[in-house]
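So that we are looking at the same thing, I have put the structure below in structure tokens.
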Amino acid sequence: MNLLLAATGWDSAPWIARLGALLPGRRIDTPATLEDRAGVAYALTWRHAEGSLQGLPGLKAIFSLGAGVDHVFADRLLPDAPVVRVVDPDLTQRMSEWVVMQVLLHHRQFRRYDRQQRARIWNEDGAQPSAGEVRVGLLGLGVLGLDAAAKLKALGFDVAGWSRSPKAVVGLATYHGREGLDALVARTDILVSLLPLTADTRGLLSAALFAKLPCDGRTGPALINAGRGGSQVEADIVAALEAGVLKGASLDVFETEPLPADSPLWGREDVYVSPHNAAISAPEAVTRYIAGEILAFERGAPLRNLAERDRGY
Ligand code: NDP
Ligand code: OXD
């Protein structure tokens, strides 16, 4: 019942140390140290190399080290084992903090007052709409979207959300499916995407969508994306900002990561860039979650929070 930790771009040491403490008596290998392939029951991955999870005859489950699983399903040689994703209050809380912060930055015109401070300008002019006058549209009403929606609602924003399947959420206007997208966008000043990257969501945040955002709101139109960069068309975001179709954007995820030094997004006053750390997978929280799921599974409980291959999330 050993573990294989296949994480590209991360330091494996703190993960191995914590997993070793939580699951004593098991070997925890990286692909570089793995010799006993038959002994591996669980693979833990963040952007593992394609094919590196093959040849593990005892594999019982693949754990993504994050909430997203696009990096797992990107492996065309992925073995046929259940894929579990992270659903953990620590990660959810981090994401909601980031989303709420970004919505407030646009709503309270942070960049404008920051500019004024640096120029020593005292200027009280300008609209100050209340949160209730600002329509926030959330793309994705999963674990993260629902929590962010609840926290934005608690601040008084007029929140609606969109998902693939129909959802009834008390206090939230909900829309679903392609046909529901236009209706959601038509009542949105600040559009927040917490969508997974799938064949259906790739390139969704594009000029065609931005053109449907209303221009008559008390704030925005603004785009906030912490889902995946593959869902956004960055050239369209820049063009929409130039044309005033978008007034601002907050982006945590990008088509190419790290964001290339020559990306025009870096230098724009109307864009907030963060380095894909809206909700980091903290080793302490995520190892606690994974170890708990493994131990429960070995006691006979079903695996939870399974991603579905055919839908891609
Ligand atoms: P969930 O699987 O819980 O939720 C996904 C939501 O997206 C669901 O509501 C789902 O609809 C909806 N959805 C998926 N495909 C479509 C579609 N084609 N049309 C409409 N709605 C769709 O995921 P989480 O909320 O836990 O996480 C969401 C994403 O956030 C992750 O996949 C990851 O990419 C990203 N993420 C980013 C982080 C960061 O630091 N930037 C950190 C963690 C996650 P339905 O409810 O009908 O299934
Ligand atoms: C995740 C992420 O999917 O950090 O958890 O992007």
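Quick query: amide H of TRP10 versus all other amide H atoms, modeled in the peptide plane; which residues come in under 5 Å with a sequence gap of 5 or more or a different chain?
Counting only residues 5 or more places away or on other chains, the set is empty.
For PHE63, which sequence-distant residues (separation of 5 or more, or a different chain) have an amide H within less than 5 Å of its own amide H, given hydrogens modelled in the peptide plane?
Here the answer is ALA43, LEU44, THR45, VAL84, since their amide H atoms fall under 5 Å of that of PHE63.
Which whole-Hz ³J(HN,Hα) couplings does the stretch 189-196 yield from phi under the Karplus relation 6.51 cos²θ - 1.76 cosθ + 1.60, θ = phi - 60°, glycine and proline marked x?
For the stretch 189-196, the Karplus curve yields 9, 10, 9, 10, 9, 10, 8, x Hz.
Using a 1.4 Å probe on the protein chains only, how many percent of the accessible area of the chain belongs to carbon and sulfur? Intermediate results must be reported in sequence, preceding the final value.
Numbers: 7910 of 14530 Å².
Here carbon and sulfur together make up 54 percent of the probe-accessible area.
Bins of 5 Å, beginning at zero and ending with the bin holding the largest distance: percent of Cα pairs per bin for the stretch 237-278, please.
The percentages, shortest bin first, are 6, 24, 32, 25, 12, 2.
Here is a follow-up. Roughly how many whole Å is it from the C-alpha centroid of the stretch 46-78 to that of the stretch 138-179?
For the stretch 46-78 versus the stretch 138-179, the Cα centre distance is 30 Å.
I'd like to know how the stretch 89-273 sits against the 2.2 N^0.38 Å rule of thumb: what's its Cα Rg over that expected value? Display every interim value, and only then the final one.
Details: Rg = 15.8 Å, N = 185, 2.2 N^0.38 = 16.0 Å.
Here the Cα radius of gyration is 0.99 times the empirical estimate.
How tilted is helix 89-107 with respect to the longest principal axis of the chain? Cα atoms for both, answer in degrees (0 to 90, nearest 10).
Result, in degrees: 20.
Sort the following peptides by mean Cβ neighbour count (other Cβ atoms within 10 Å, averaged over residues), highest first: 185-194, 162-171, 116-125, 10-19. The partial results should precede the final answer.
On the way: 185-194: 23.7, 162-171: 13.5, 116-125: 8.2, 10-19: 16.6.
Descending packing order for the listed peptides: 185-194, 10-19, 162-171, 116-125.
Using amide H atoms built 1.01 Å from N in the peptide plane, name the residues 5+ places from TYR313, or on other chains, whose amide H lies under 5 Å from its own.
GLU308
At what distance in angstrom do the alpha carbon centres of the stretch 203-239 and the stretch 249-313 lie from each other?
Answer, in whole Å: 21.
Run the helix sum for the chain: -39,500 (n - 2.57) per DSSP H stretch of 4+ residues, divided by residue count, reported at 222 nm to the nearest 500 deg cm²/dmol.
Values: 9 runs with 94 residues, N = 313.
Taken over the chain, the calculation gives -9000 deg cm²/dmol.
Same structure, new question: Using only alpha-carbon positions, what ratio does the radius of gyration of the stretch 70-190 give when scaled by 2.2 N^0.38 Å?
Details: Rg = 18.3 Å, N = 121, 2.2 N^0.38 = 13.6 Å.
That works out to 1.35 for the stretch 70-190.
Kindly work out what percent of the DSSP beta bridges joining two residues of the chain are antiparallel, to the nearest 5. Let's see the in-between values first.
Working: 3 of 42 bridges.
Expressed as a percentage, antiparallel bridges in the chain total about 5.
Report ARG309's accessible area, 1.4 Å probe, all protein chains in place, as a number in Å² to the nearest 10.
In the full protein context, ARG309 sits at about 100 Å².
Output the peptides 246-256, 101-111, 273-283 sorted from most to least packed, where packing is the average of other Cβ atoms within 10 Å over each peptide's residues.
Highest to lowest by the protection proxy: 246-256, 101-111, 273-283.
I would also like to ask the following. From the phi of every residue in the stretch 21-36, what ³J(HN,Hα) in whole Hz does the Karplus formula 6.51 cos²θ - 1.76 cosθ + 1.60 yield, where θ is phi - 60° and glycine or proline is x?
6, 7, 10, x, x, 10, 7, 10, 10, 9, x, 6, 9, 6, 10, 8
Tell me, what HN-Hα J-couplings in whole Hz come from the Karplus equation 6.51 cos²θ - 1.76 cosθ + 1.60 at θ = phi - 60° for each residue of the stretch 288-299, using x for Gly and Pro?
Residue by residue, the stretch 288-299 yields 4, 5, 5, 4, x, 5, 5, 5, 5, 4, 6, 8 Hz.
Per residue, how much accessible area does the stretch 1-125 show when a 1.4 Å probe rolls over the protein heavy atoms, in square angstrom?
Numbers: 6360 Å² over 125 residues.
Result: 51 Å² of accessible area for each residue.
The values are calculated or read from the model by the stated rules, or taken from the named source; none is laboratory data. Everything quoted here is computed from the prediction, not taken from an experiment. Glycine also receives a Cβ, built like all others from the backbone with ideal geometry; neighbour counts cover every protein chain displayed. Just the protein is used for accessible areas: all its heavy atoms, side chains included, with ligands, DNA and RNA removed. Shrake-Rupley method; radii C 1.70, N 1.55, O 1.52, S 1.80 Å.
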